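Everything below concerns the one structure shown next.
The values are calculated or read from the model by the stated rules, or taken from the named source; none is laboratory data. Since we're looking at a predicted model, the values are computed, not measured. Cβ placement follows ideal geometry from the backbone for every residue including glycine, while neighbour counts extend to all protein chains displayed. Ligands, DNA and RNA are excluded from the accessible area calculation, which covers all protein heavy atoms including side chains. Shrake-Rupley method; radii C 1.70, N 1.55, O 1.52, S 1.80 Å.
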Amino acid sequence: MEGKGKSDRHLTLLSDIDLAELSSVRDENDVFLSVYLPIGRKSDLNASYIASRSRDISKALGKDLSAVFGDTMEMVGEFLDGRPVPGERGRVVFASSRTGLLRKYRISVEPETRMVLDTSPFLLPLAMLQDEYEDLCLVLLDSRQARVMTVRSNILEDRERTKIDLMNKHKKGGWSQKRFNRLRRGAIHAFIREVASDLECIRQERMRGIIIAGPGEAKKMLAEELPKDLKDMVIGMVDTDIETPEGKLLSLAEEVASIDEREGEMRCVDELRAAIMKGEPASYGPGEVHTALTEARVRTLIILKGTSIPGWKCERCGRMVPGEAPPPECPACGGAPSVVDIVEEFFEMAETIGAFTEFVEDSPFLESLGGIAAILRY
Ligand SMILES: [Zn+2]
């Protein structure tokens, strides 16, 4: 659900933003403005940042494009200055008065401050946030109550609550302790089965995984009760009190998700390493990866976070050269080349061909390959 045309005073979940669609948006000239602002603690600095970046960008532009930029700033000014809504930690906007593009997002996680004018929307920071904050399912239970929750963009939401009252339902006068225990076990089992079936609802949703939290044995019982595909989605079990407050639940979930994310990154780098060793389809370095992307052979693009490869690109013919300053005109077609971040260009190409992008926090191996590599389809 994207905030097109309707009120923009609501939070947008990261997983609801379609980057593939935005990746295909481009122009021959620098007409796309992208702004990322943290909201809250640091927002008093935003106005002066925007003012100073606007001056710098205007100065670097010719008269025509400077006018386009001015109009674009008018389109977004009110949104960038506006009061925050509850829970808002960041604001992101992509706009161009030339093409009419206007996307405004209030998000619940904090981005780093950026303001960029380019031939396409600058999506990399948003892509990395999406990678970091994938949706999660969190179950908190003991043997008599359960809450099924989702965590999306660091926002916790209750989905299902289930409860049994063992004492009132099952303890009647005159029962032997043995009979009571048997009935109690049966009731708990039925209860756990009910929680497992509550989890069916997340099957249709794209989730990083399921986290099971709570005191005692109920966690393990639930995991055993889950059908195989849901069981495979369990990324962690956490011992915690059934009364754990939501803030603490969120940080527990974040911790488990972050460990899972790092493990996923390592698996991805291991797969790359194995492919390179065995001579299976893989490529690394800007030149090779660019060729593979152009030929739509990339299955997974792997980017070491923090990698930046300056270069130039001709938007008219698509020629891209890493590591060089742009010539006055494109030697292939005579078009006007622009300075680009090759990594951002690669990400956009990967999105348009339906490849998956994995951002890796830390890997000396990947660093030794220049911070950019790809596992190929063939
Ligand atoms: Zn060209």
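Brief remarks follow.
- Sites LYS63 and ALA325, calculated FRET efficiency, Cβ-Cβ separation with R0 25 Å, nearest 0.05: 0.60
- Remark on the chain: CYS137, CYS201, CYS268 stand apart, with no other cysteine beta carbon under 4.7 Å.
- Dipole magnitude for the stretch 1-126: about 360 debye, using +1 per Lys or Arg Cβ and -1 per Asp or Glu Cβ, origin at the Cα centre.
- Share of carbon and sulfur in the accessible heavy-atom surface of the stretch 97-169 [1.4 Å probe, %]: 41
- Size descriptor, Kirkwood hydrodynamic radius, that averages inverse alpha-carbon separations across the stretch 1-126, Å: 14.7
- DSSP bridge orientation in the chain - percent antiparallel, rounded to nearest 5: 75
- Computed with a 1.4 Å probe over protein heavy atoms only, the accessible surface of the stretch 281-378 comes to 42 Å² per residue.
- Volume per residue of the C-alpha convex hull in the stretch 214-373, rounded to whole Å³: 160
- Between GLU255 and ARG377, the contour length at 0.36 nm per residue exceeds the alpha carbon distance by 40.7 nm.
- Of every Cα-Cα pair in the stretch 136-261, the percent that sits beyond 25 Å: 25
- Gain in span if fully extended, GLU246 to LEU80, counting 0.36 nm per residue against the direct Cα distance: 56.7 nm
- Whole-number percent relative contact order across the chain, with pairs defined as alpha carbons under 8 Å at least 6 apart: 16
- Mean Kyte hydropathy of -0.5 or more with a Cα span along the axis of at least 30 Å, helices from DSSP in the chain: 246-278
- Using only the C-alpha atoms, the convex hull of the chain corresponds to 160 Å³ per residue.
- Residue-span extension gain [LEU156 to THR294] - 0.36 nm each, minus C-alpha spacing: 45.7 nm
- Stretch in the chain that is longest and holds no GluC sites (Glu not before Pro) that DSSP places in a loop and that have at most 16 other beta carbons within 10 Å: 113-204
- The label-point distance for CYS333 and LYS163, in a model that sets each label 7 Å from Cα toward Cβ, rounds to 6.5 nm.
- Loop trypsin sites (Lys or Arg not before Pro), the stretch 55-85 (other Cβ atoms within 10 Å of the site Cβ: 15 or fewer; DSSP): none
- Sequence-ordered 3J(HN,Hα) estimates for the stretch 97-108 from the Karplus curve with 6.51, -1.76 and 1.60 and θ = phi - 60° stand at 5, 5, 9, x, 5, 8, 10, 10, 10, 9, 10, 9 Hz, glycine and proline given as x.
- Relative contact order %, the stretch 136-261, counting alpha carbon pairs below 8 Å whose residues are six or more apart: 30
- Calculated [θ] (222 nm, deg cm²/dmol) that DSSP helices of n ≥ 4 give over the chain, each run adding -39,500 (n - 2.57): -12000 deg cm²/dmol
- Loop-located trypsin sites (Lys or Arg not before Pro) in the stretch 93-202 whose Cβ has at most 13 other Cβ within 10 Å (DSSP): LYS171, LYS172
- Amide N of the stretch 70-98 lying under 15 Å from the label point, which is placed 7 angstrom from the Cα of ALA47 along Cα→Cβ: 77-84
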